[in-house]
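Input: a single structure, listed below in structure tokens.
The values are calculated or read from the model by the stated rules, or taken from the named source; none is laboratory data. In this text the structure is predicted, and so the values were computed from the model without any measurement. Cβ sites come from the backbone with ideal geometry, for glycine too, and all protein chains shown count toward neighbours. Protein only, heavy atoms only, side chains kept; ligands, DNA and RNA dropped before computing areas. Shrake-Rupley method; radii C 1.70, N 1.55, O 1.52, S 1.80 Å.
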Amino acid sequence: MSGEFAAIDRLRRRLPAPGPGEVWIGDDTAVLRAPPAGARLLLAADAVVEGVHADLSLLGLDDL
């Protein structure tokens, strides 16, 4: 297996298990505990590559 999901799997195997109700590693989003008690925080990140996901001659960086 290679590519993005293989890289995610390699990282997952190196990290400790997440706490109850948490998801630390996945495709683009993590679920973490946050104050106040019982609240959940969603952290999301994704790469955008010019020429693959967007044509900067058609839109600006602020549109991304």
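Inside the stretch 29-56, can you point out the residues that are open to solvent by less than 100 Å² (accessible area, probe 1.4 Å) and part of a loop (DSSP other than H, G, I, E, B)?
The answer is Pro36, Gly38, Ala45, Ala47, Val48, Val49, Gly51, Asp55, Leu56.
Would you pick out the residues in the stretch 6-27 that are more than 23 Å from Arg40 (Cα to Cα) and either touching a residue at least 12 places away in the same chain (Cβ under 8 Å) or among the charged types (D, E, K, R) (or both)?
Asp9, Arg10, Arg13, Arg14, listed by residue number.
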